[in-house]
Every structure is written in structure tokens, then in C-alpha cells.
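The values are calculated or read from the model by the stated rules, or taken from the named source; none is laboratory data. Being a predicted model, the structure only gives us computed values, none of them experimental. When we count neighbours, we look across all protein chains shown, and the Cβ atoms used for this are built from the backbone with ideal geometry, even at glycine.
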Amino acid sequence: MDKDVLLKLAKLIEDRRASKPKESYVKSLLEGGNETINKKIYEEALELIEASSTNDSTKKKKVIHETADLWFHTMVLLVNEGIKFEDILVELETRLGTSGHEEKSSRKKN
């Protein structure tokens, strides 16, 4: 497995800005702006919640699939906002070793 797959996907999404909406799903999302992208994120988040709420033999596969969809559409939003995926990775890295409670309470101070 290529551990840089998310970085490669982020680059591909960025590259799709130059394509035509009829040729690229990503381009059509970007042209729809945050309203269109946010609708997809909301839809995918709900589908992930539904998948994780099931108790059948396909639950794991469904959760993996819906998580991938949610991550993908979130990455499209980041590109639309001009946020580099690496910036998210840096943010996550700064949180390593920090209690979630501490991190959340620190946001209230800022």
C-alpha cells in the first residue's frame, strides 16, 4: 500500500481544476462551489453514520467505503478553499500526544 495515496489524491484533485465539468466529477463539484461540495459532505457523513449503525456482515466494508467517500469530498472542499492537504497533516501532527480534552479546551482560550 502506498502511504502517500492521500497526498497523491490531493494533487489529482488540484489538477482537476483545469479540466472540463463534463469530463471531471471533481471539476463539476468545484464549479458548484462550497454549497455543492458541502451537500456531498453532508450526504457522505450521513451514509457513514448509517453504515456504522448497521450490524450485518457487510458493516466493515460499508464503513470503509463511506469513510473513503467522506474523506474524498472533504479533500475537494479543501482544494476549493485553497487549503493544502499538507496543512491538515501538520495540524494533526501538532495534536499527537495531546489529550483531546486539552486540545478542545485550548480552542476556547483562543
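Values for this structure:
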{"quantity": "Odd one out for Gly82 among (1) in a helix (DSSP H, G or I); (2) within 21 Å of Lys39 (Cα to Cα); (3) out of contact with any Leu (no Cβ under 9 Å at 6 or more places or on another chain)", "calculated": "(1)"}
{"quantity": "Residue pairs meeting the criteria (Cβ under 9 Å; at least 6 apart or on separate chains; first free of Cβ contacts under 8 Å to residues at least 24 places away in the same chain, in region 51-63; second assigned to a helix (DSSP H, G or I) and of a type in the set (Gly, Ala, Ser))", "calculated": "Thr58/Ala51; Lys59/Ala51; Lys59/Ser52; Lys61/Ala51; Lys62/Ala51; Lys62/Ser52; Val63/Ala51; Val63/Ser52"}
{"quantity": "Selection status of Ile88, under 25 Å from Val5 (Cβ atoms), among the hydrophobic types (A, V, I, L, M, F, W, C), surrounded by 13 or more Cβ atoms within 10 Å (Cβ to Cβ) and at pLDDT 95 or above", "calculated": "no"}
{"quantity": "Looking only at region 12-54, and only at residues there that are of a type in the set (Lys, Arg) and surrounded by 13 or more Cβ atoms within 10 Å (Cβ to Cβ), the one that is nearest to the chain's Cα centre (by Cα)", "calculated": "Lys40"}
{"quantity": "Residues of region 44-84 satisfying the condition of being of a type in the set (Asp, Glu) and over 16 Å from Tyr25 (Cα atoms)", "calculated": "Glu47, Glu50, Asp56, Glu66, Glu81"}
{"quantity": "Residues (closer than 25 Å to Leu7 by Cα and among the acidic types (Asp, Glu)) located in region 50-85", "calculated": "Glu66, Asp69, Glu81"}
{"quantity": "Subset of region 60-87 (residues that are over 12 Å from Glu44 (Cα atoms) and among the acidic types (Asp, Glu))", "calculated": "Glu81, Glu86, Asp87"}
{"quantity": "Inter-residue pairs, beta-carbon under 7 Å, first under 18 Å from Leu77 (Cβ atoms) and in region 2-19, second of a type in the set (Gly, Ala, Ser), 6+ apart", "calculated": "Arg16/Ser24"}
{"quantity": "Qualifying residues in region 70-84 (those that are buried (at least 20 other Cβ atoms within 10 Å of the Cβ) and touching a residue at least 60 places away in the same chain (Cβ under 8 Å)) - the one farthest from Leu48 (Cα to Cα)", "calculated": "Val79"}
{"quantity": "Filter result (among the basic types (Lys, Arg), over 15 Å from Leu89 (Cβ atoms) and part of a helix (DSSP H, G or I)) within region 1-35", "calculated": "Arg16, Arg17, Lys27"}
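Residue by residue, here is whether (1) modelled with pLDDT of 95 or more; (2) of a type in the set (A, V, I, L, M, F, W, C) holds:
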position	(1), (2)
Asp2	no, no
Leu7	no, yes
Ala10	no, yes
Ser19	no, no
Ile37	yes, yes
Glu43	yes, no
Glu47	yes, no
Ala51	yes, yes
